[in-house]
1. Quick one: of the DSSP bridges fully inside the chain, what percent are antiparallel, nearest 5?
2. Calculated from the structure, mean projected area of the Cα convex hull in nm² equals which of (i) 10.5; (ii) 14.3; (iii) 13.4?
3. Taking only C-alpha pairs under 8 Å that are 6+ residues apart, what is the relative contact order of the chain in percent?
4. Compare the Cα positions of Ala13, Asn31, Gln46 along the charge dipole of region 1-56 (+1 at Cβ of Lys, Arg; -1 at Cβ of Asp, Glu; about the Cα centre) and return the one farthest towards the positive end.
5. At a probe size of 1.4 Å, how large is the accessible area of Leu35, to the nearest 10 Å²?
6. In debye to the nearest 20, how big a dipole does the chain give about its Cα centre with +1 on each Lys and Arg Cβ and -1 on each Asp and Glu Cβ?
7. If you roll a 1.4 Å probe over region 47-108 with all protein chains in place, what percent of the accessible area is carbon or sulfur?
8. Solvent-accessible area per residue for the chain at a 1.4 Å probe radius, Å²?
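The values are calculated or read from the model by the stated rules, or taken from the named source; none is laboratory data. Just so it is clear, the model here is predicted, and its values are computed rather than measured. All Cβ positions, even for glycine, are placed from backbone atoms using ideal geometry, and neighbour counts span all protein chains on display. Note: accessible area is taken over every heavy atom of the protein model, side chains too, but ligands, DNA and RNA are not part of it. Shrake-Rupley method; radii C 1.70, N 1.55, O 1.52, S 1.80 Å.
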Amino acid sequence: MDEYYMGLALEEARKAKNLGEAPIGAVLVKNGEILARGFNLREKDQQATAHAEILVIQQGNRVLDSWRLTDTVLYVTMEPCAMCGGAMIQSRISRLVFGAYDPKGGVCGSAFNLFEQEGFNHKVQVTGGVLEESCGKILKEFFQELRESKKKEKTQRISTEKNE
């Protein structure tokens, strides 16, 4: 079942990529019912907190009319950052399932493990690496394309400056 919902999160990630956003998608599920789905909108909205996880948590809060998301599972295509991990703890999400690991900022063991820190009043159960190859591939391709695009822009700018 995890692969099915992660596949839906990948669909959301593709939507983000088509908008020029980092291709990260998320789906929130409770008892087999999809409560919310979404993707990164940081560039479009120019909001630092417009991560897929945060947007989906907010949708879930509205659907359930509660800040508590107990008995829910959040599927996200990339290992969450500290902000998103904190939001999962605060919203009482029961389980997190993610795809690709993020060695630079992931808080499920890559950069550090937020969910194993002592003292929090809620524990989120974590499963990582679900459809890892597919989730990692879309991210890798996006950032390669972004770097190539920036190189082209720089080359064109230098060429234009030389011709002036």
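1. Values: 12 of 20 bridges.
Percent antiparallel among DSSP bridges in the chain is about 60.
2. Only one option fits the structure, namely (i).
3. Working: 319 pairs, mean separation 30.3, N = 164.
After rounding, I find 18 percent.
4. The residue sitting farthest along the positive end of the dipole is Gln46.
5. Ignoring ligands and nucleic acids, Leu35 comes out at about 20 Å².
6. Working: 22 positive and 23 negative charges, 84 e Å.
Magnitude of the dipole: close to 400 debye.
7. On the way: 1280 of 2450 Å².
About 52 percent, which is the carbon plus sulfur part of the accessible surface.
8. Working: 9320 Å² over 164 residues.
Result: 57 Å² of accessible area for each residue.
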